[in-house]
Amino acid sequence: MSDSLMDQTVRQAARVVLGKERQIRLALACLLARGHLLIEDLPGVGKTILAHVLAKSLGLDFHRIQCTADMLPADILGVSIYDRERSTFQFHPGPIFAQLVLVDEINRATPRTQSALLEAMEEHQVTCEGETHLLPRPFFVIATQNPSHQIGTFPLPESQLDRFLMRIEIGYPDPEAERALLGGADRRELVADLGPCMTPENLIELQRSLQNVHVSDALIAYVQALVEHTRRAPDFKTGLSPRAGLALLRAARAWALIDHRDLVLPEDIQAVLPAVAGHRLHPANSAPGAQTAADIATALIGAVPIP
Amino acid sequence: MAAKHKKSPPAHPLTRSQQAWLIASAPLTVAPGIAYVPGWLAASVGIALLWRAVLWWRHAAAPPRWLLNALALAGCVGVFLSFRHFFGKDPGVALLILFLWLKLLEMRQARDGLVVVFLSYFLLFTHFMEAQGLGLAGFTVLALVVVTAALSSLAQTRQSVAARLRLSALMLAQAAPFMLILFLLFPRVQGPLWGMPRDAYSGMSGLSDVMEPGSISNLSLSGAVAFRVRFEGDIPPRHSLYWRGPVLRQFDGRAWRAGFQRPIRRPQDPQEMTLTDSVRYTVTLEPHNRHWLFALEMPLTAPADAIISNDYQVLSKQPIRSRIRYDMQSRLNALPQTGAAPAPRTDLALRPGNNPRTRALLENWRRELNTGADAGANADEAIVHRMLDYFRRESFFYTLTPPLLDGRHSVDQFLFETRRGFCEHYASAFVFAMRTAGIPARVVTGYQGGERNPVDGYLIVRQSDAHAWAEVWLAERGWVRVDPTAAVAPSRIEAGIASALAEGEPLPFMIGADLDWLRAMYFRWDAVTNGWNQWVLGYDTLRQRETLSRLGMRQPNWKSMTTAMAVLCGLLLLGLTFWALHKRARLTPVLRAWNRLSRRLKRAGLARQDWEGPADYAIRVTQARPELARPMADIASLYIGLRYGKLDGQKPLDELRRLIAGLKIARQR
């Protein structure tokens, strides 16, 4: 039953974001796996639309933060203001208090703001003036960033990149999708008309059911072999961390769930590998950006036999 | 953008850790050569390696090509100027070392790394042309581990330093049995393996065929081993251990020489062979680039390729240029020697006119004895005794640092003025005196004594045991050994050189050490070295035959040895392969069935890629062969259930096997 909910969501999103079903599935998998998503691409390929569509389809309340260089942590997290009438400090929650937060151009914010945001993402709570405020559940951040070689940005350091379960690229639509896009209605209107396909409770239920997706020893051996290879092969500066291995497995479970399976296949690992491992691996020898995440993942998959 | 990058990134650039391994292995491979390459080259190696290390440390780029070309040219010119040619071992090694550090400075890609590694292997091997000691062998093993680790770093793995060294050591350990088989069975050629041109034999020390004041006392300061002896039975008493070497007859007033006559083979005396009081022993002689084989007085049998001359020298036909072993049999001084009668031209020859005081003294004695009671035949013997008494009675000293004797009357000077000397002074003066009295006499040089190594029971004879004594011809007894040094310093003969010298004299290393533990350690080390010499370096044709026939190989010749070598290596390889295969994880039945599917489909060109998942594979097969869609879907879902799902038990497995076996794969249309 819940399977059909996911299918509906994917179908509905695909009607708006044309020709990007794979990215939609990945974003959904990321959400199901309780991870945060980083979308890295050029402006205008539909990053914001994708985030918007997901929020609408899943029935989540949605905030958008447009990052700028003069933004302070309080602008995101919220601030305590003295209330004269009650003679107390009153916490005014920032835009982060939403079930789905779109952080646009996160690399325009200063490292200080970035780190405050990422800390909240990690902890699922905000601490202000000694008071802890829990963030809503489910809580999901989609951050976007322009490719980092643009001027006037603060690229996320590797340790911060690790906080995102996945990083995906959207890319230009294929010719057919592009023609449909150009000939179709205004995307914003389409988004405005969307109704929810499931409730937040459904989503939490789905997130819980992730644990029931079976992972066999053979599959764990495969993940281990992949991770081990990145540590031993001289192609990479550093290998994948144990956390990256866990992330890989979690994302693959969600991917299998979307595919209506109760077991994880090596194909699931391979499907999520570019998104999960791409931003955690750095080629040892080539210039940054010379190899895409897909290239790296393809090479890695080809180098490790399935045990 | 892609076009811009096309030129710069090389195919397989060396990573920093790979560079570090290569740089670290270089000093180890070069180190043994530092001692014998020209000084400027050794210095340049040091500077270049340091330079390379600094470049690495600073992430700096390699030096420009024109500079390296200039350095290469300068280096080659330097090698040529040092050796005047490019042939032979020493210029070759020098060039190798030069190229190694140039390559290290130049290397950029994995290919360069391989060149460095193979240069290193070759360079390590060339050091054995210079020396073959146990220390060098041990060091080489160490260097091999590091070089092999560098080689493994060039392969596609990332490992910690310790893990890499362990892997390298393990690989070398796996090679060890092959090494042993090759060592035991590889057919040996007679003589040294590499016939090197002249430069190979310089610098060997030992006795020579010229003895002048100082030549033996210089030798006495060397602790180097001259030879080692293993006796059958007990080692004879020290005072009878006279190791006979060059016999010297010609005297020019200062130096004694062997003269130029060819050695005459001494006729074998059949009677001698029946004597039972002979000692048997085996000598392992260090190379000295001369013909003498040292043997106890008096030798009875000569080893193969050697003769005993008529003055009892044992002479090899070839100069001794590598360590050799020979069995000897000798009769100690119990019986008078026969041997050739004296020849007046050589054994009595004197230059007229010099050393008048000695002449006067001896003529005086001769006159007294001729008029005395025991005239005639015994007179010669009496003169010998008088001379020895003279040494004993007058204040003669035994010292390593005698005053210089100059001028043509050196014997006079020694006998009447300085009276301080080493064995060569006493032997020289004694023989001179005997000749002036008309008694045929000659100088014999060699070694006296030796030291027993308590660890392995070998007698070690060092250069410091070098000695000179005299022989005189007495009409009734033949040639008789007289050691004038024994008259002056009896303890030299009884206890060795250290006890015979006065306090404060310079002593050769270790001879005078009274640190017991140091001596014990020295003996242990010497025993190990000797074992190495005997069993590894001395493993020649003869010993190979001996060992192989003891191992049960009948009539070992090169054919049977090669066969055995190939068979053993093959068996070993087979064994190692089985072991490696066995060590790999045993495949589960499910996986075996799955692999069978891949093998069956391989004939249709649809083998599974080893990174391909089951669902993808099923889809690919179905796309290529739509008629297999049904069975493939069943097989894939069964396999997925068994391997990645919770499906378990014999029944689905049997079903999977049945489906795979029953798959009908038509020939390619």
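What the table shows:
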| item | result |
| --- | --- |
| Output for segment B:649-669, where each listed residue is among the acidic types (Asp, Glu) and modelled with pLDDT under 80 | none |
| Given (1) at pLDDT 85 or above; (2) surrounded by 13 or more Cβ atoms within 10 Å (Cβ to Cβ), number of the condition A:Gln160 does not satisfy | (1) |
| Flag if A:Leu263 is farther than 15 Å from A:Ile306 by Cα and outside the structural domain of A:Arg34 (by TED's automatic domain parsing) | yes |
| Those residues of segment A:218-260 which are part of a loop (DSSP other than H, G, I, E, B) and at the interface with chain B (Cβ under 9 Å from one of its Cβ atoms), in sequence order | A:Ala233, A:Pro234, A:Asp235, A:Gly239 |
| Search result, residues across segment B:608-634 that are within 14 Å of another protein chain (Cβ to nearest Cβ) and outside any helix (DSSP H, G or I) | B:Arg608, B:Gln609, B:Asp610, B:Trp611, B:Glu612, B:Gly613 |
| Lone unmet requirement of (1) at pLDDT below 75; (2) surrounded by fewer than 17 Cβ atoms within 10 Å (Cβ to Cβ); (3) under 30 Å from B:His385 (Cα atoms) for B:Ala500 | (2) |
| Scope segment B:512-546; condition assigned to a helix (DSSP H, G or I) and touching a helix residue (DSSP H, G or I) at 6+ places or on another chain (Cβ under 7 Å); matching residues | B:Val528, B:Thr529, B:Trp532 |
| Scope segment A:295-307; condition modelled with pLDDT of 80 or more and within 13 Å of another protein chain (Cβ to nearest Cβ); matching residues | A:Asp295, A:Ala297, A:Thr298, A:Ala299, A:Leu300, A:Ile301, A:Gly302, A:Ala303, A:Val304, A:Pro305, A:Ile306 |
| Qualifying residues in segment B:436-454 (those that are assigned to a loop (DSSP other than H, G, I, E, B) and of a type outside the set (A, V, I, L, M, F, W, C)) - the one farthest from B:Arg367 (Cα to Cα) | B:Pro454 |
| Selected residue (only one of A:Glu129, A:Glu105, A:Glu123 is exposed (fewer than 13 other Cβ atoms within 10 Å of the Cβ), closer than 15 Å to A:Ile76 by Cβ and not polar (S, T, N, Q)) | A:Glu123 |
| Residues satisfying the stated conditions in segment A:261-273, i.e. in contact with a helix residue (DSSP H, G or I) (Cβ under 6 Å, 6 or more places away or on another chain), at the interface with chain B (Cβ under 8 Å from one of its Cβ atoms) and not β-branched (Val, Ile, Thr) | A:Leu265, A:Pro266, A:Glu267, A:Gln270 |
| Complete set of residues in segment A:277-294 that are modelled with pLDDT of 75 or more, outside any helix (DSSP H, G or I) and over 15 Å from the mean Cα position of the chain (by Cα) | A:Leu281, A:His282, A:Pro283, A:Thr292 |
| Search result, residues across segment B:609-624 that are touching a residue at least 12 places away in the same chain (Cβ under 8 Å), touching a helix residue (DSSP H, G or I) at 6+ places or on another chain (Cβ under 8 Å) and not β-branched (Val, Ile, Thr) | B:Pro614, B:Ala615, B:Tyr617, B:Ala618 |
| Total residues in segment B:287-299, condition crowded, with 20+ Cβ neighbours inside 10 Å and touching a Lys or Arg at 6+ places or on another chain (Cβ under 8 Å) | 6 |
| Residue check, A:Thr292 in contact with a His (Cβ under 9 Å, 6 or more places away or on another chain) and within 14 Å of chain B (Cβ to nearest Cβ) | no |
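The values are calculated or read from the model by the stated rules, or taken from the named source; none is laboratory data. Just so you know, these numbers come straight off a predicted model, no measurement behind them. All Cβ positions, glycine included, derive from the backbone under ideal geometry; neighbour counts span all protein chains shown.
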